[in-house]
Amino acid sequence: MTPLADELASLYAQRGSGAYFGEAVTQAQHGLQAAHFAEQHGAPESLVLASLLHDIGHLVEPAPEQLADWQRDARHELSGSRWLAAHFGPEVSEPVRLHVPAKRYLCAIDPGYFRQLSAASVTTLALQGGPMSAAETSAFETEPYWREAVLLRQFDDQGKLAGLVTAPFEHYRGLIERCARRARPVRAVLFDLDGTLINTEAHTDATVTTVAARHGVPGYALPHYETHGRTWIHVAETMLAQTGIHVPVAALAAELLASWNEAVRSVQPIPGAPQALHAAAASGLRLAVVSSSPRSVIDYFVAELGVADCVPPGARVGGDAVHAGKPDPGAFLFAAQALGVEPADALVFEDSRAGLQAARAAGMRSMFITSCALEIAENTAIATATCTDYRALPAQFWAQLRAGGIDLQQKNYR
């Protein structure tokens, strides 16, 4: 398989074996069945592929496994279409984006459609807003791919049969290769801060131990996946859940931040980072810094690195600007909107698992910076490409990136 086909096959093999939210098939079986019925219908190749991958949003941004635990709609059609838009054209991603509205649409225009929905689909329909209003149905019919979305919805509804024999995922290798976009140009680059532009991750771990000791818990440490790429609120909540410390979470988070700030004032940049930002900006790329640290910390280090002229103030997105930190994609999506680009046109530089997961959920390509990273093999599997540090990038990297002259899939710059 191609790297993209390999990635998709691995994703469905690893995460698609779970039950499909109250249905008699797994998530992987459901996708294969939907594609099977699309092929039987004689649908275009792009719609067959959209049918196969229409629920990928549940895999890149998982929802609770039990339908009874759902408190709100997972909005998987949005996360899935964002992911697909980074790799395929709108003829694949747009029917996926619209396949949930298509269910609401069909419920509004065809009373008989609702009666044939499965019990699980009836439950999710309520979370998704119920049948469309007349105004919503009219608006839906203005979408360029609304007819394809309605067909995809029908294949989706059919693909829930226990024991149905279908072709395996490998059957769609050639289809994936034919539909995949080649070397889509990058318009914006989003940089994490800690461990990606500055070498601070060791200070983060030391801060946790130091602050815990002040509160009578000597020798305390957290695994790096609970600290790297995470907000101080998340770290504080985790510490309080695991120790006997009794202080408000906001107070502990503020103490952690203050201790960390004191430790990192003279921190060194990741090799080549300032020069890379200047070169990227000079190539016409739009830049943002997206960190779990507060905005004030971003402003301080952007100035210290001498790159304040490369990163506009509105594109400095801290953990205090969004409702949830990484691995939630919200901060990256906020930055893309601030820069005026589609998520699929952005490349994220990250060093942490949480950050790489957030980039994937946002539908963005990612470059894994390994010089300060841990779990390199595992995190390489999540990233589009890897890089030891910025000195490893070729001389014309930024200009070629902007021109669409680089296919990043599984590139490894050393």
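Coordinate-derived values only; no laboratory data. Values in this document were obtained by computation on a predicted structure and should not be read as measured data. Positions of Cβ are generated from backbone atoms using ideal geometry, with glycine treated the same way; all protein chains shown enter the neighbour counts.
Data for the structure
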item: Label-point gap, in nm, between Thr142 and Ser118 - each point 7 angstrom along Cα→Cβ; result: 3.4
item: Size of charge dipole - the chain - debye, nearest 20, with Cβ of Lys, Arg +1 and Asp, Glu -1, no other charges; result: 500
item: Charge context of Thr238, other residues only, Cβ under 9 angstrom, K/R +1, D/E -1; result: -1
item: Distance in nm between pseudo-label sites at Arg173 and Glu45 (7 Å out along the Cβ direction from Cα); result: 1.6
item: For the range 342-363 and the range 365-406, distance of Cα centres in Å; result: 12
item: Of the DSSP H helices in the chain, those whose Cα atoms cover at least 24 Å axially and whose Kyte score averages 0.0 or more; result: 90-109
item: The range 249-305 - Rg and Dmax from Cα coordinates, angstrom; result: 13.9, 43
item: Ellipsoid equivalent to the range 127-247 - semi-axes via the Cα gyration tensor, in Å; result: 48, 23, 20
item: Angstrom value of the Kirkwood radius, inverse mean 1/r, which spans all Cα pairs in the range 281-394; result: 14.3
item: Highest to lowest packing among 223-235, 266-278, 186-198, scored as the average C-beta count within 10 Å; result: 186-198, 223-235, 266-278
item: Cα centroid separation - the range 84-163 against the range 185-254, whole Å; result: 41
item: Per DSSP, loop GluC sites (Glu not before Pro) in the range 337-413 with at most 16 further Cβ within 10 Å; result: Glu375
item: With eigenvalues of the C-alpha gyration tensor scaled by 5 and rooted, the chain, Å; result: 39, 26, 19
item: Of every Cα-Cα pair in the range 3-179, the percent that sits beyond 27 Å; result: 19
item: Proximal charge balance of Arg414 [Cβ under 14 Å; K/R count +1, D/E count -1]; result: +1
item: Sites Ala134 and Tyr225 - FRET efficiency at Förster radius 51 Å, r taken between beta-carbons, to 0.05; result: 0.60
item: Per-q log10 I(q)/I(0), the range 199-263, q = 0.22, 0.24 Å⁻¹ (Debye; single scatterer per alpha-carbon; no solvent); result: -0.84, -1.03
item: Structure-based [θ]222 nm, the chain - -39500 (n - 2.57) summed over DSSP H runs of at least 4, per residue, nearest 500; result: -14500 deg cm²/dmol
item: Radius, Kirkwood style, for the range 322-371 when every pair of distinct Cα atoms is counted (Å); result: 10.6
item: Environment charge at Phe37 (Cβ cut-off 11 Å; Lys +1, Arg +1, Asp -1, Glu -1); result: -2
